[in-house]
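The values are calculated or read from the model by the stated rules, or taken from the named source; none is laboratory data. For clarity, every value in this text was computed on a predicted model and none was experimentally measured. So basically every Cβ, Gly included, is an ideal-geometry build from the backbone, and we count neighbours across all protein chains shown.
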């Protein structure tokens, strides 16, 4: 009896694993997440399932983010919010999706007010005119400081230390890989500190508002993706 139950469980695990692989092949990332979760529920120690699930989550988050931005562009804000919420649920590290979700929720709140559509249109028009002059970084403190990282340190922690020192909110692109650096920042301003680390790490940053930047790996694709971020 126990042997029969074990065989049934093994068959079920294999079936879910097979369905997950098929979903990945079809780029049905939501389905892949579901089936890998089912497979893991039956085989919790399977490292392959865990890694595949993590990859599927990231892919699902990115796909819902892309759809959300398309709906936002089409002014279908409720659908945009739904997709962006899914993006954040699948990938809680997707800070860009969280930023855009908050923007969409604010727009929906404005629309729900009396005279909301006209008010939102005015805000969008003003924002569009401001894009001619992109936001400029204005840290809480720009007095030169020195920061030392003599031992290999996670580059995200280095950025966070710079943010804390100069009063800057630093976000990270969800696809940015972890790496470690040893670096000496002597008598530098906020911009100089950021540029030094980014040159060493192969990153660039986009200013979202005077106190916030997002750090991204410096690739041609990322340059295109972030060109019209603000």
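So which residues in the range 24-33 are buried (at least 17 other Cβ atoms within 10 Å of the Cβ) and part of a helix (DSSP H, G or I), if there are any at all?
Answer for the range 24-33, where residues must be buried (at least 17 other Cβ atoms within 10 Å of the Cβ) and part of a helix (DSSP H, G or I): 24, 29, 31, 32, 33.
Checking residue 106 against (1) surrounded by fewer than 19 Cβ atoms within 10 Å (Cβ to Cβ); (2) part of a helix (DSSP H, G or I); (3) in contact (Cβ under 8 Å) with a residue 12 or more places away in the chain, which test does it fail?
(3)
Considering (1) surrounded by fewer than 15 Cβ atoms within 10 Å (Cβ to Cβ); (2) in a strand (DSSP E or B), say which one residue 221 fails and leave the rest.
Going through the list (1) surrounded by fewer than 15 Cβ atoms within 10 Å (Cβ to Cβ); (2) in a strand (DSSP E or B), residue 221 breaks only (2).
This table checks each residue for (1) modelled with pLDDT under 90; (2) in a strand (DSSP E or B); (3) surrounded by 13 or more Cβ atoms within 10 Å (Cβ to Cβ).
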{"residue": "138", "(1), (2), (3)": "yes, no, yes"}
{"residue": "143", "(1), (2), (3)": "yes, no, no"}
{"residue": "153", "(1), (2), (3)": "no, yes, yes"}
{"residue": "156", "(1), (2), (3)": "no, no, yes"}
{"residue": "163", "(1), (2), (3)": "no, no, yes"}
{"residue": "183", "(1), (2), (3)": "no, yes, yes"}
{"residue": "196", "(1), (2), (3)": "no, no, yes"}
